[in-house]
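Here's the structure we're looking at; comments come further down.
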Amino acid sequence: MRYNRMYKWQTNKHCLMTLFSGLAIGFTIAYVALTREISFSDPHTSDEMKYMEGPTVDPGSHSQYEEYHLMEDSTVADKLHKEVRVLCWVMTGPSNHEKRAKHVKNTWGKRCNVLLFMSSQKDDNLPAVALPIKEGRKYLWGKTKEAFRHIYNNYLDKADWFLKADDDTYVILENLRYMLVPYSSGDSIYFGCRFKPYVKQGYMSGGAGYVLSKEALKRFVEIGLTNSTGCSKSDSGAEDVELGRCMEAVNVKAGDSRDSLGRGRFFPFVPEHHLIPGHVSKSFWYWQYIYYENKEGMECCSDNAVSFHYVSPNQMYVLEYLIYHLRPYGISFHVEMPPSFTTKTGTD
C-alpha cells in the first residue's frame, strides 16, 4: 500500500512538472510571437528590427510594365542624377546581407550613382566591403571612420556627395539631389535629421541618414582622422554623436535640411510615427532631441521628404511601389529644373 501511494505521488509530481514545463514553453513561444508581431507592425528600435526579414520570394519589378509609364517625363531627375552625383554607403553586417541589405539594393539603392555596403565580410553580390572592424553596435563609430576612409581612398572623384544610411533606412534619391542643388560639393557642410544635445551646432541622426559634401569628407579624413583633437580616436561610442563632434571640430557646418515651409526631410522613424498625432509620446526622447520645432500630422513632412528609418524589408517594397508606381489617374505634375541648378549649369 505504501509503495502504491509513493508511486502515485511520484506519478502526479511528474505530471505536474510536465504541465508546468509545457505552460512555460507555451508562454515563451507566445511571448516571442507577440514580440515579433509588435515589431512587424510598428518598428521602433534596433532591437525590434532584429526580427525583420525580407520576402522569401522575389517581388519582382515593374520593368515588364514600362509601357504604362511612358507618359512620365524623368528629364529633370535624369539630369540631376548626372550632375548631382551621390555615393551611398549602407551600414550593414554579415547577418543582414540577405535579411536586409539585398532589399536596399533591390529598391532605393539602385538610384545611387555609386552603391556600397560596409560590413566586416566581403560579399561580391551586394557588393559589401570587408572593413577591419568588429561587428556590433559598440563599434559603429570605428566602422564609420573606416568606411569614409575607404571611400576617400577609392571613390573621392566618383561622386560629389556622400550619403551614409543604415540597412533599415529608405531614401528618395531624387529628393535628396533636389535638396542639394543650391549647394556646392565644395561647401564645408553636411545634412540630415538634426538633433541638438551633445554638440554645440547639433548633430545628424545616424538612422535617418546623413550626407557629406566632398569638402566635408576631405576634412573628416585629412584632418579629423589624423590630427584633430575633437575627433575620437576610439572605435567605440555613439556613431552619430561622434561624427557630429568631429564635423564641428574640423569646421564642417551642420546644414538645415528643411524645405521652404520649414518641414523636415530626414526622419528617424517610419512615416506612421510622424504622420499620426500622438503616436510618439511627448515624453519620448525624440521631442527633447529634435533641433527644430517639429509638427505632427500631415504637416510633419516635406512633399520632398528624403528618408525614413526603421523601415522593414517588406516595407521597402511597399514604399517603392507607393512612391514610384502608384499614380492617381487624371493628375499630372509639371516639373521644372530648379532655378539655382539652371544658373549654375547654364541649362536652358
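The values are calculated or read from the model by the stated rules, or taken from the named source; none is laboratory data. Remember, it's a predicted structure, so these values are computed and weren't measured experimentally. Neighbour counts are summed over all protein chains in view; Cβ atoms, including those assigned to glycine, are modelled from backbone coordinates with ideal geometry. For the accessible areas, the whole protein counts, side chains as well, though only heavy atoms, and no ligand, DNA or RNA atoms are used. Shrake-Rupley method; radii C 1.70, N 1.55, O 1.52, S 1.80 Å.
Lys and Arg at +1, Asp and Glu at -1: add these up for the other residues within a Cβ distance under 15 Å of residue 306 and post the number.
On the way: positive: 111, 164, 177, 194, 258, 263, 265; negative: 166, 174, 256, 259, 303.
After counting each charged neighbour, the total is +2.
Kindly state, to the nearest 0.05, the FRET efficiency for residue 156 paired with residue 295, given R0 = 35 Å and r defined as their beta-carbon distance.
On the way: r = 39 Å, r/R0 = 1.10.
Efficiency for this residue pair is about 0.35.
Under a straight-distance cross-link criterion of Cα-Cα below 17 Å, which lysines are reachable from residue 102, leaving out those fewer than 8 residues away in the same chain?
Hits, sequence-local ones excluded: 50, 110, 122, 164.
Can you tell me the accessible area per residue over segment 224-348, all protein chains present, probe 1.4 angstrom, in square angstrom?
Working: 6880 Å² over 125 residues.
About 55 Å² of surface per residue is accessible.
Mind ordering 230-237, 139-146, 156-163 by average Cβ neighbours within 10 Å, highest first?
139-146, 156-163, 230-237
Taking a virtual spin label 7 Å from the Cα of residue 322 along the C-beta vector, which residues in segment 99-117 bring their backbone nitrogen under 14 Å of it?
So the set is empty, nothing qualifies.
How far apart, in nanometres, would the label points at residue 238 and residue 83 be if each is projected 7 angstrom from Cα along the Cα-to-Cβ direction?
3.9 nm
Leaving out ligands and nucleic acids, and using a 1.4 Å probe, what accessible area per residue does segment 157-223 come to in Å²? It would help to have the intermediate numbers written out before the result.
On the way: 1900 Å² over 67 residues.
Ligands and nucleic acids excluded, the result is 28 Å² per residue.
How far apart, in nm, are two points set 7 Å out from the Cα along the Cα-to-Cβ line at residue 256 and at residue 149?
Inter-label distance under the simple model: 3.7 nm.
Rounded, prolate or oblate: which one fits segment 126-171, using the alpha carbon gyration tensor with axes a ≥ b ≥ c (rounded when a/c is under 1.5, else prolate when a/b beats b/c, else oblate)? Working shown, then result.
Details: a/c = 1.90, a/b = 1.28, b/c = 1.48.
Oblate is the answer for segment 126-171, as a/c is 1.5 or above yet b/c matches or exceeds a/b.
If we count every other residue with Cβ under 12 angstrom of residue 170's Cβ, Lys/Arg +1 and Asp/Glu -1, where does the sum land?
Taking every other residue near residue 170 into account, the sum is -2.
Going down the list 79/158; 105/233; 143/282, which pairs span over 26 Å between their C-alpha atoms?
Exceeds cut-off: 105/233; 143/282.
Per residue, what accessible area does segment 79-146 have, given a 1.4 Å probe and all protein chains present, in Å²? Display every interim value, and only then the final one.
Details: 2900 Å² over 68 residues.
Result: 43 Å² per residue.
Summarise the accessible area of segment 147-225 (1.4 Å probe, protein heavy atoms) by the percent that is carbon and sulfur.
Details: 990 of 2390 Å².
Percent of accessible area from carbon and sulfur atoms in segment 147-225: 41.
Along the charge dipole of segment 192-348, pointing to its positive end and built from +1/-1 on Cβ of Lys, Arg, Asp and Glu, which listed residue (273, 340, 318) has its Cα farthest out?
My answer, from the dipole projection, is 340.
Which percent of the accessible area of segment 264-348 is formed by carbon and sulfur heavy atoms (probe 1.4 angstrom)?
Values: 2940 of 5030 Å².
Carbon and sulfur together cover 59 percent of it.
In a shell of Cβ-Cβ distance under 15 Å around residue 256, excluding residue 256 itself, what net charge do Lys and Arg (+1) and Asp and Glu (-1) give? Intermediate values should be presented prior to the final figure.
Numbers: positive: 194, 196, 253, 258, 263, 265; negative: 187, 259, 293.
With Lys, Arg at +1 and Asp, Glu at -1, the net is +3.
Can you tell me the FRET efficiency between residue 279 and residue 200 if r is taken as the Cβ-Cβ distance and R0 is 30 Å, rounded to the nearest 0.05?
Details: r = 31 Å, r/R0 = 1.03.
My answer for the efficiency is 0.45.
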